[in-house]
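The values are calculated or read from the model by the stated rules, or taken from the named source; none is laboratory data. No experiment lies behind these values; they were computed from the predicted model shown. Note that we place each Cβ from the backbone using ideal geometry, even for glycine, and neighbour counts take in every protein chain shown.
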Amino acid sequence: MQIQSGLLGRRLPHTYSPAIHAHLGSYDYRLFEKEPEELDAFLKDRPFTGINVTIPYKKSVIPYCTELTPIAEKLGAVNTLVCRENGSMIGHNTDYAGFSCMLKKSGLDVTGRKCLVLGSGGASSTVCAVLEESGAEVVVVSRSGENNYQNLYLHRDAFLIVNATPVGTYPNTGVSPISLDDFPQLQGVLDLIYNPARTQLLMDAQQRGLVALNGLRMLVEQARESAEWFTGHSIPADCSREAFTDIRSSMTNIILIGMPGCGKTTIGNALQSLFPHRQAADTDALIAEKAGMSIPEIFESFGEAYFRQLESEVLAQVGKESGLIITTGGGCVTKEENYRLLHQNGVIFWIQRDTGLLETCGRPISQRVPLSELYRIRQPMYRRFSDFTVSNDGTPEQTADKISRQFSAWCLEESL
Ligand code: S3P
């Protein structure tokens, strides 16, 4: 039997599901964007053998199911429909397996521990069911519930926080549903959001040295269990690892920082040939475009503080995008707030080059301050911002090649 699969939802503009399922099987995976009034005809027609269902239809499809699995029944939500040859249709929920995998990956044993689940929608029910099954004491925090953001002091003993709200999701990044200041016993934060890879909440958790995981693993694992339902056979964990690596690497921005004139733009251009599907974003070019004048003109007419303000605005704009090659101005590291803007979705490479070889032409700062002095001041900042250092001591192509190899190794490591 030919498998006809896909995803049913209302709006599916940025879904990663087709890319994930491409790693899980060789079946057709199509997107079905349906309005509520089209749902009935679609589910009666059934132009699929097995299909995923996403918001807002996880409940609406239930009356069309001949049978529900115990998990779907318990959650009151279906994300996987499978048609049987006898004409029946079974409804299942693989989000449960997805979150179970995420929790397992965290390495945290929640038995007997207090876990706060932020949000009270469908995703929250799944999270609560898994946590309860694992023996946790679960507290749902929502804006208008019994436990809300005004009485969080009742839960200072929380061991784990799970974010099942959309707060912090692209494009509205840089905000967090909760402050982690008041949870002295907290061990970890799991955020179901996967775009950006590091929400504000996850970066807060990382800064405190807590376990911090985003929702990409859950997304991939729910897809793997769905694929098993679609195909009727088991799918090895290696396939989801491949899918994870693929999505993680295509989403992540490759970011170049380093002293003015160290070759960031030239290396960025060389990287572009190695990653032809990536778009390039040069922050200095974007600043000049925004200001309608050249960088030296901005410095001359409005001063450095104004330039830095424009720079942060541009970093906020590009840092939350996915899959870019971002080349930055040498001074972007001078403002700590810029770190999170870049880190939220990127891997940051510090391009190192002998100060005697740095270009100074058209660079107001380099002409004003001796380069060795500038380097002395900025070196700790480049170190603070960077995930990796790469020395630009060969051709731009050679340096780009080193970055590309380091980036691939990083992506593989992330998927383990
Ligand atoms: C600056 C570096 C320049 C540019 C501006 C300020 C700096 O970019 O952003 O002149 O403070 O180091 P390059 O690093 O591309 O020269």
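Screening the range 1-120 for strands (runs of 3 or more DSSP E) wholly inside it with 3 or more residues that are over 28 Å from the mean Cα position of the chain (by Cα) returns the ranges 89-92.
Residue count for the range 268-303, restricted to those that are in contact with a strand residue (DSSP E or B) (Cβ under 6 Å, 6 or more places away or on another chain) and assigned to a helix (DSSP H, G or I): 3.
Please enumerate the residues belonging to the range 333-371 that are among the β-branched types (V, I, T), closer than 21 Å to S408 by Cβ and either within 14 Å of the ligand (Cβ to nearest atom) or more than 28 Å from the chain's Cα centre (by Cα) (or both). Please lay out each step first, then the result.
Step one: filter the range 333-371 for residues among the β-branched types (V, I, T), giving 333-334, 347-348, 351, 355, 360, 365, 369.
After this cut, where a residue has to be closer than 21 Å to S408 by Cβ as well, the list is 347-348, 351.
I351 - this is the single residue of the range 333-371 that is among the β-branched types (V, I, T), closer than 21 Å to S408 by Cβ and either within 14 Å of the ligand (Cβ to nearest atom) or more than 28 Å from the chain's Cα centre (by Cα) (or both).
All conditions in (1) buried (at least 20 other Cβ atoms within 10 Å of the Cβ); (2) touching a residue at least 24 places away in the same chain (Cβ under 8 Å); (3) not aliphatic (A, V, I, L, M) hold for H155, with the sole exception of (1). Of the residues making up the range 80-94, those that are modelled with pLDDT of 95 or more and of a type outside the set (S, T, Y) are L81, V82, C83, M89, I90, G91, H92, N93. Screening N147 against (1) within 28 Å of L315 (Cβ to Cβ); (2) of a type outside the set (A, V, I, L, M); (3) touching a strand residue (DSSP E or B) at 6+ places or on another chain (Cβ under 7 Å); (4) part of a loop (DSSP other than H, G, I, E, B) leaves a single unmet condition, (1). Restricting S273, S250, S312 to those that are more than 13 Å from the ligand (Cβ to nearest atom), surrounded by 15 or more Cβ atoms within 10 Å (Cβ to Cβ) and of a type in the set (G, A, S) reduces the list to S250. Within the range 200-221, not a single residue is within 16 Å of the ligand (Cβ to nearest atom) and part of a helix (DSSP H, G or I). Scanning the range 195-221 for residues that are touching a Gly at 6+ places or on another chain (Cβ under 6 Å), in contact (Cβ under 8 Å) with a residue 60 or more places away in the chain and surrounded by fewer than 24 Cβ atoms within 10 Å (Cβ to Cβ) yields a count of 2. May I ask you to verify whether Y306 is touching a Phe, Trp or Tyr at 6+ places or on another chain (Cβ under 9 Å), free of Cβ contacts under 8 Å to residues at least 12 places away in the same chain and either over 21 Å from A400 (Cβ atoms) or not in a helix (DSSP H, G or I) (or both)? The answer is yes for Y306.
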